[in-house]
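Here is the structure we will look at, set down as structure tokens.
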Amino acid sequence: MINSTSTAARLPLREEDLDSFATLTEIIGVARGVLPTDILDFLEGGAGEERTLRDNRTAFRNWNFVPRVMTGYGKPELATSFLGIPLAIPVLTAPFGADGLFHPRGQCAVARANAAEGVASIVPEAGTYSFEVVAEAAPDAARIAQIHPMGSAEHFVGMLHRIENAGYQAICVTVDFPIAGRRERDLMNRFDRNFRAASGNYPADGSAASETIFKQLFYRSTAGWGWGQLGELMDKTPLPWIAKGVLTGADACAALEAGADAVLVSNHGGRQLDGVPAALNQLPEVVSAVAGRVPVAFDSGIRRGSDIVIALALGADVVVLGRLVAYGLAADGESGVRQVHQLLRAEMLTTLTLLGAGDVAVLEPSVLSINACRRH
Ligand SMILES: Cc1cc2nc3c(=O)[nH]c(=O)nc-3n(C[C@H](O)[C@H](O)[C@H](O)COP(=O)(O)O)c2cc1C
């Protein structure tokens with residue numbers, strides 16, 4: 001979140017400046033300027049009184065960097081891979097649905113920007129464009145499809161095969177969404193996301209948008225699924241899968257027992273159960289429980305390149321970006337998302353170089369210390 005004394009206060013920018021944003025703060029400021037209030041609230045808001053939403057940011061500020069000087073390291077290496085997918089920077093974009101509300105090309109623009117910058121997309125089931133349309137828009141993009149455990153076994157397995165046929169490289173199963181969190185900004189805005197953003201994966205029959213299968217499946221509770229059932233069904237696809245929305249070591253181990261090939265530590269950006277801990281604070285517990293058996297991804301609260309360095313130092317292999325990418329999309333479509341990645345790259349390079357820490361692959365918790373100024 002930017003504060004009131006930030007660059008955003010000096011917006012609007014001149015038209016020509018949109019081609020090259022100077023900072024991520026500037027991108028966020030432009031996005032806030034262009035999005036209508038109810039859509040901005042939908043993007044930025046969290047559940048309940050937004051305790052977890054705020055804690056997700058505060059958690060990063062609880063850490064200081066402990067730099068070493070004259071370490072002799074050259075330019076840090078940022079490239080890595082995740083489930084066999086090569087990445088130019090240790091970043092994937094999060095599945096955020098209703099993406100067409102932020103920009104007409106939505107996740108198609110995100111996937112194209114990602115392909116150009118060596119970032120992988122996690123394409124949402126609840127997205128404005130179908131898995132197939134996003135694949136066609138960016139055939140060279142690294143793509144992971146996100147789904148919810150919902151509907152009948154037949155429906156679910158049908159979706160797995162559909163994802164395979166559309167050429168996706170992995171599947172991300174969101175496990176922290178048995179029911180939608182109560183997002184009070186949306187409730188008070190009378191914001192009807194159902195109506196305003198039907199999913200491209202479940203096209204309306206043309207007569208009544210509210211009667212799509214997706215809404216019947218999704219907006220009813222999807223509770224009732226367990227790891228055993230999910231694991232059995234995921235065995236029916238050869239694609240690797242990620243359990244998204246794990247916050248404890250116990251759940252990470254349960255996901256692995258069900259056959260997950262990676263876990264994503266996430267509290268859904270504070271949009272589900274308000275009052276759960278900041279995702280960053282749960283990361284070390286999950287990393288320790290997983291003990292190197294599978295890669296650990298992290299999301300919730302990242303707004304800067306230095307945040308990524310903190311998450312990696314605490315044991316994440318890669319990070320996933322939600323709102324930051326949506327801001328880029330709203331600010332300037334495909335170009336805006338590319339600039340988010342470019343600015344993150346520049347910030348990561350500067351942070352790692354000043355930290356004297358070498359490459360992302362060798363980051364250790366010892367580059368961090370508790371921020372004593374915040375200790376009570
Ligand atoms: C507007 C919006 C829509 C989202 N839709 C989905 C979704 O359909 N499925 C899902 O698994 N997560 C969804 N998320 C959660 C993100 O995937 C991700 O976990 C979260 O945004 C990370 O936090 P951050 O925004 O602070 O980076 C959504 C997030 C936002 C902001």
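Descriptive notes on the structure:
- Sole exception among (1) surrounded by fewer than 23 Cβ atoms within 10 Å (Cβ to Cβ); (2) touching a Lys or Arg at 6+ places or on another chain (Cβ under 9 Å) for residue 228, by number: (2)
- Yes/no for residue 338 being open to solvent by 30 Å² or more (accessible area, probe 1.4 Å), away from the ligand (no atom under 16 Å from the Cβ), among the basic types (Lys, Arg) and not in a loop (DSSP other than H, G, I, E, B): yes
- Sole residue being among the polar types (S, T, N, Q) and either more than 17 Å from the chain's Cα centre (by Cα) or away from the ligand (no atom under 16 Å from the Cβ) (or both), chosen from 121, 152: 152
- Residue list for segment 256-270, restricted to those being open to solvent by 30 Å² or more (accessible area, probe 1.4 Å) and within 15 Å of the ligand (Cβ to nearest atom): 268
- Checked against the criteria, residue 301 counts as farther than 21 Å from residue 75 by Cβ and not in a helix (DSSP H, G or I).
- Residue that is surrounded by the most Cβ atoms within 10 Å (Cβ to Cβ) [pool: residues in segment 139-178 that are within 15 Å of residue 242 (Cα to Cα) and among the aromatic types (Phe, Trp, Tyr)]: 168
- Residue within segment 56-65 that is farther than 22 Å from residue 283 by Cα, in a loop (DSSP other than H, G, I, E, B) and of a type outside the set (Ser, Thr, Tyr) present: no
- Residue check for residue 185: open to solvent by 20 Å² or more (accessible area, probe 1.4 Å), more than 21 Å from residue 92 (Cα to Cα) and at pLDDT 95 or above: yes
- Selection of segment 24-81 for residues being over 20 Å from the mean Cα position of the chain (by Cα), open to solvent by less than 50 Å² (accessible area, probe 1.4 Å) and either farther than 30 Å from residue 184 by Cβ or aromatic (Phe, Trp, Tyr) (or both) yields only 76.
- Among the residues of segment 110-132, the ones that are farther than 25 Å from residue 177 by Cα and in a helix (DSSP H, G or I) come to 6 in all.
- One residue alone among 369, 300, 306, 288 is open to solvent by 20 Å² or more (accessible area, probe 1.4 Å) and either closer than 29 Å to residue 123 by Cβ or at pLDDT below 95 (or both), and that residue is 306.
- Cβ pairs under 8 Å, 6+ apart, first in segment 77-105 and under 19 Å from residue 359 (Cα atoms), second within 16 Å of the ligand (Cβ to nearest atom) and of a type outside the set (A, V, I, L, M, F, W, C): 78/90; 80/90; 82/90; 89/341; 91/341; 92/121
- Residues that are of a type in the set (Val, Ile, Thr) and part of a strand (DSSP E or B), drawn from segment 225-283: 242, 246, 263, 265
- Restricting segment 57-116 to residues that are on the phi > 0 side of the Ramachandran plot and of a type outside the set (Gly, Ala, Ser), the residue that is farthest from the ligand (Cβ to nearest atom): 70
- If you filter segment 308-326 down to residues that are closer than 12 Å to residue 283 by Cβ and part of a helix (DSSP H, G or I), you find that the one that is nearest to the ligand (Cβ to nearest atom) is 311.
- Any chance residue 308 is touching a Pro at 6+ places or on another chain (Cβ under 8 Å) and within 24 Å of residue 143 (Cα to Cα): yes
- For residue 136, the conditions (1) in a helix (DSSP H, G or I); (2) more than 25 Å from residue 39 (Cα to Cα); (3) at pLDDT below 95; (4) open to solvent by 40 Å² or more (accessible area, probe 1.4 Å) all hold with the exception of (3).
The values are calculated or read from the model by the stated rules, or taken from the named source; none is laboratory data. It should be emphasised that the depicted structure is a prediction, and the values quoted were computed from it without experimental measurement. All Cβ positions, glycine included, derive from the backbone under ideal geometry; neighbour counts span all protein chains shown. Surface areas here come from the heavy atoms of the whole protein model, side chains and all, with no ligands, DNA or RNA. Shrake-Rupley method; radii C 1.70, N 1.55, O 1.52, S 1.80 Å.
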